[in-house]
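What follows is a short report on a single structure.
The values are calculated or read from the model by the stated rules, or taken from the named source; none is laboratory data. Everything numeric here is computed off the predicted structure, so don't read it as measured data. Note: ideal-geometry Cβ built from the backbone for every residue, glycine included; neighbour counts use all protein chains shown. These area figures cover heavy atoms from the full protein model, side chains too; ligands, DNA and RNA do not enter into them. Shrake-Rupley method; radii C 1.70, N 1.55, O 1.52, S 1.80 Å.
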Amino acid sequence: MAVAAAAARVWGSSRGLGRVGLLLRRPGARGLARSHPQRQQQHFSSLDDKPQFPGASAEFIDKLEFIQPNVISGIPIYRVMDRQGQIINPSEDPHLPQEKVLKFYKTMTLLNTMDRILYESQRQGRISFYMTNYGEEGTHVGSAAALDSTDLVFGQYREAGVLMYRNYPLELFMAQCYGNVSDLGKGRQMPVHYGCRERHFVTISSPLATQIPQAVGAAYAAKRANANRVIICYFGEGAASEGDAHAGFNFAATLECPIIFFCRNNGYAISTPTSEQYRGDGIAARGPGYGILSIRVDGNDVFAVYNATKEARRRAVAENQPFLIEAMTYRIGHHSTSDDSSAYRSVDEVNYWDKQDHPISRLRHYLQSCGWWDDEQEKAWRKQSRKKVMEAFEQAERKLKPSPSLLFSDVYQEMPTQLRKQQESLARHLQAYGEHYPLDHFEK
């Protein structure tokens, strides 16, 4: 098995993911430019002839053999806590202070409460659309906590917890979902498409995976500016099947950009299970092929996510190179309010993850074992958090919608003639038929 032996030398052991990425890297200092010395003509005998091809690092073999996809056993999943919230290896304990761990827990549970209320709001016809984050709260909070507050975030559409950890107000979450006058996007976006310049969170857009090459461009700009800043780009394993993912990974590796690719592998791309999405070993296995240092973590273990993201951030900034984190988790809720997941998965499957391996339950076990949380505190916090969400919800529902005139603003510095004609046409239409529209719900 000459090929397998050669592959083993390059890949290393199943735990050597960091070393893999380093071996696949070309030598030389990282920076904006690298010198390319002229290759000297060399003469070899047939015994010590070495490949000189510029596209790969390898050895010649004399036996025909295709490399099997399973040359390496499955990439291991890094974890810090077991399902009962017990630290497995004390040397991996992040030793976070009580105040910070409580912020983890309160953010995760507040997000869960907001999800339940807004999901029911959509079902009652009060908002048009919603996507819950059930089961994936640990991926949001663990990664957000490991970043600097000025690090730029490119989200997909299921990262509300990242914004919540950065203290994005409940009132603005509600305003965006209701599209009212307080919405920073002026009511132009679908619900859950948040954005906040102040908190360095780029506005979410619906087309799948477009944020990946955009994030790489931002990371390259940060590198050129010596900004001491990292870009983090979130996406699901389904988005990793898009061509934009390939383009983003390759550009990030070749341009040596300080970016963290954070893949939430939650088992389903809407209704398509991972077994029908790819045949390889998940998303982390793709990283070494691009020359990207990669790791797979237990996404239901908030400490594992925190440790991996923190180290990836430190090295991405110090070394100007990309990292890929694949967080293994499970989407407990439907894909969105437009989806009925009972059509493609069993109730027993969902219940297993909800009851046996939930990131919130795991962290609560940890807090209780430390003596930092008890049943009375839990009851009081659940009541308090629901009250906070309901107050923001009721306030958002009472507010007017933005003026229809805002349909035409904020695109062009000087409005084109054709767009101005459309604006005038709408004004004439509303003047003639305004009684047929609920214009009293809109700001004048």
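For region 361-387, filtered to residues that are under 27 Å from Leu172 (Cβ atoms) and touching a residue at least 40 places away in the same chain (Cβ under 8 Å), the residue that is most open to solvent (accessible area, probe 1.4 Å) is Arg386. Picking from residues in region 348-360 that are free of Cβ contacts under 8 Å to residues at least 24 places away in the same chain and over 19 Å from Gly236 (Cβ atoms), the one that is surrounded by the most Cβ atoms within 10 Å (Cβ to Cβ) is Tyr352.
I'm checking my understanding of the structure. Among residues of region 63-85 that are of a type outside the set (A, V, I, L, M, F, W, C) and closer than 14 Å to His365 by Cα, which one is most open to solvent (accessible area, probe 1.4 Å)?
Step by step, filter region 63-85, then rank; the result is Gln84.
The conditions of being open to solvent by less than 30 Å² (accessible area, probe 1.4 Å), within 27 Å of Ser369 (Cα to Cα) and in contact (Cβ under 8 Å) with a residue 12 or more places away in the chain are not met by Leu163.
Of all residues in region 97-139, count the ones that are polar (S, T, N, Q) and assigned to a helix (DSSP H, G or I).
Quick first cut of region 97-139, residues polar (S, T, N, Q) only: 98, 107, 109, 112-113, 121-122, 124, 128, 132-133, 139.
Cutting the leftovers down to assigned to a helix (DSSP H, G or I) gives us 98, 107, 109, 112-113, 121-122, 139.
Total meeting the criteria: 8.
Of all residues in region 388-422, those satisfying the criterion of being surrounded by fewer than 11 Cβ atoms within 10 Å (Cβ to Cβ) and either of a type in the set (Gly, Ala, Ser) or closer than 30 Å to Glu120 by Cβ (or both) are Glu394, Arg398. With respect to the conditions (1) touching a Phe, Trp or Tyr at 6+ places or on another chain (Cβ under 7 Å); (2) part of a loop (DSSP other than H, G, I, E, B); (3) within 29 Å of Gly299 (Cβ to Cβ), Arg345 lacks only one, and its number is (1). Any residue at all in region 338-347 that's within 19 Å of the chain's Cα centre (by Cα) and open to solvent by 10 Å² or more (accessible area, probe 1.4 Å)? No, every residue in region 338-347 fails to be within 19 Å of the chain's Cα centre (by Cα) and open to solvent by 10 Å² or more (accessible area, probe 1.4 Å).
Can you tell me which residue within region 258-273, out of those that are of a type in the set (Ser, Thr, Tyr) and assigned to a strand (DSSP E or B), is surrounded by the fewest Cβ atoms within 10 Å (Cβ to Cβ)? Out of the qualifying residues, it is Thr272. Residues that are assigned to a helix (DSSP H, G or I) and within 18 Å of Thr203 (Cα to Cα) occur at least once in region 229-239.
A Cβ distance below 9 Å, combined with a sequence gap of six or more or placement on separate chains, defines the contacts here; from region 289-301, residues that are on the phi > 0 side of the Ramachandran plot reach residues that are part of a loop (DSSP other than H, G, I, E, B) and open to solvent by 10 Å² or more (accessible area, probe 1.4 Å) in the pairs Gly291/Arg25; Gly291/Arg26. Comparison of Arg158, Arg166, Arg199, Arg126 shows that the only residue that is at pLDDT 95 or above, within 21 Å of Tyr268 (Cβ to Cβ) and assigned by the TED database to the domain that holds His335 is Arg158. Ala316 meets all of the listed conditions (1) under 17 Å from the mean Cα position of the chain (by Cα); (2) open to solvent by 60 Å² or more (accessible area, probe 1.4 Å); (3) not β-branched (Val, Ile, Thr) but one, namely (2).
Taken over region 175-201, the residue count meeting the criterion of being farther than 23 Å from Glu120 by Cβ and out of contact with any helix residue (DSSP H, G or I) (no Cβ under 7 Å at 6 or more places or on another chain) is 6. For Ser143, the conditions (1) out of contact with any Ser or Thr (no Cβ under 8 Å at 6 or more places or on another chain); (2) crowded, with 23+ Cβ neighbours inside 10 Å are fulfilled apart from (1).
Out of His441, His436, report the one residue that is more than 30 Å from Gly267 (Cα to Cα), open to solvent by 90 Å² or more (accessible area, probe 1.4 Å) and in contact with a strand residue (DSSP E or B) (Cβ under 7 Å, 6 or more places away or on another chain). Spell out how you get there, then give the answer.
Details: His436 fails: in contact with a strand residue (DSSP E or B) (Cβ under 7 Å, 6 or more places away or on another chain).
Matching residue, one of His441, His436: His441.
Checking the stated criteria, Ala327 turns out to be among the small types (Gly, Ala, Ser) and in a strand (DSSP E or B). When His334 is tested against the conditions (1) open to solvent by less than 30 Å² (accessible area, probe 1.4 Å); (2) over 30 Å from Ala253 (Cα atoms), the lone failure is (1). Among the residues of region 319-331, those identified as open to solvent by 30 Å² or more (accessible area, probe 1.4 Å) and of a type outside the set (A, V, I, L, M, F, W, C) are Glu319, Asn320.
Taking residues in region 309-323 that are without any contact (Cβ under 8 Å) to a residue 24 or more places away in the chain and more than 16 Å from Lys223 (Cβ to Cβ), and partners anywhere that are open to solvent by less than 30 Å² (accessible area, probe 1.4 Å) and in a loop (DSSP other than H, G, I, E, B), the pairs with Cβ atoms closer than 9 Å and at least 6 places apart or on different chains are Glu311/Ala146.
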